[in-house]
1. Which pairs do you get when a residue that is polar (S, T, N, Q), found in the range 96-115, comes within reach of a residue that is within 15 Å of the ligand (Cβ to nearest atom), reach meaning Cβ atoms under 6 angstrom, with the pair 6+ apart or on two chains?
2. Could you grab me the full set of residues in the range 22-49 that are touching a Cys at 6+ places or on another chain (Cβ under 7 Å) and part of a strand (DSSP E or B)?
3. Output the residue which, of all residues in the range 22-39 that are closer than 17 Å to Leu11 by Cβ and of a type in the set (A, V, I, L, M, F, W, C), is farthest from the ligand (Cβ to nearest atom).
4. Take the residues of the range 115-134 that are within 14 Å of the chain's Cα centre (by Cα) and part of a strand (DSSP E or B): which is farthest from Ala39 (Cα to Cα)?
5. Can you confirm whether the range 50-57 contains a residue that is outside any loop (DSSP other than H, G, I, E, B) and under 18 Å from Phe104 (Cβ atoms)?
6. Restrict the check to the range 116-126 and report whether at least one residue is more than 11 Å from the ligand (Cβ to nearest atom), touching a residue at least 12 places away in the same chain (Cβ under 8 Å) and surrounded by fewer than 12 Cβ atoms within 10 Å (Cβ to Cβ).
7. From the list Glu42, Glu61, exactly one residue is at pLDDT 95 or above, charged (D, E, K, R), more than 9 Å from the ligand (Cβ to nearest atom) and within 18 Å of Lys18 (Cα to Cα). Which is it?
8. For the range 1-21, how many residues meet the condition of being crowded, with 17+ Cβ neighbours inside 10 Å, away from the ligand (no atom under 16 Å from the Cβ) and assigned to a helix (DSSP H, G or I)?
Amino acid sequence: MKTIPGKQRTLLLRAARKVMRHAHAPYSHFRVGAALITAKGEVFAGCNVENASYGMTNCAERTAIFTAVAQSGPRLDIRAVAVVNDQGVPCSPCGACRQVIYEFGPEAMVYFQGSKGWKESHITELLPEGFHLK
Ligand code: THU
């Protein structure tokens, strides 16, 4: 398990905080930003995008990943993901986002605010037995 180099963590947190301002969160009023870094060192970011039909909401983590695929193609190799929110409260990726992170980053480290402060967890700690085909 590799830890996230300090410089990358700073970069990711800055990108996540910046994109968080673009969140569309009129229902929950909970703005989230996420940023990921690839093996090539590219950074992609995303925010949560809510919908009046609540279940259509897209979390910040999935927005970041889908943006990365759209911009850079499907050979995405995620090394680390950082998640921030505008309320400074614990916020780890939801189950659906864990599975999507795992798809493109089976060795990814995830940096998020836990109940006892900031945490860095390997995706397989957050999602044991992640689903994959082949
Ligand atoms: N949300 C995220 O974007 N990421 C998370 O890790 C947790 C939850 C969003 C979804 C919804 O727009 C709002 O936070 C409240 O659940």
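1. Close Cβ pairs (under 6 Å, with a partner that is within 15 Å of the ligand (Cβ to nearest atom)) amount to Gln113/Pro90; Gln113/Cys91; Ser115/Pro90.
2. Matches in the range 22-49: Val32, Gly33.
3. First, pick out the residues of the range 22-39 that are closer than 17 Å to Leu11 by Cβ: 33-39.
When the remaining residues are screened for being of a type in the set (A, V, I, L, M, F, W, C), the result is 34-37, 39.
Values: Ala34: 7, Ala35: 12, Leu36: 13, Ile37: 18, Ala39: 23 Å.
Per the criteria, the residue is Ala39.
4. Lys119
5. Going residue by residue through the range 50-57, those that are outside any loop (DSSP other than H, G, I, E, B) are 54-56.
Within this subset, residues satisfying the condition of being under 18 Å from Phe104 (Cβ atoms) are none.
No.
6. no
7. Values: Glu61 fails: more than 9 Å from the ligand (Cβ to nearest atom).
The match here is Glu42.
8. Count: 3.
The values are calculated or read from the model by the stated rules, or taken from the named source; none is laboratory data. A quick note: this is a predicted structure, and the numbers were derived from the prediction, not measured. Every residue, glycine among them, receives a Cβ derived from its backbone with ideal geometry; neighbour counts consider all protein chains shown.
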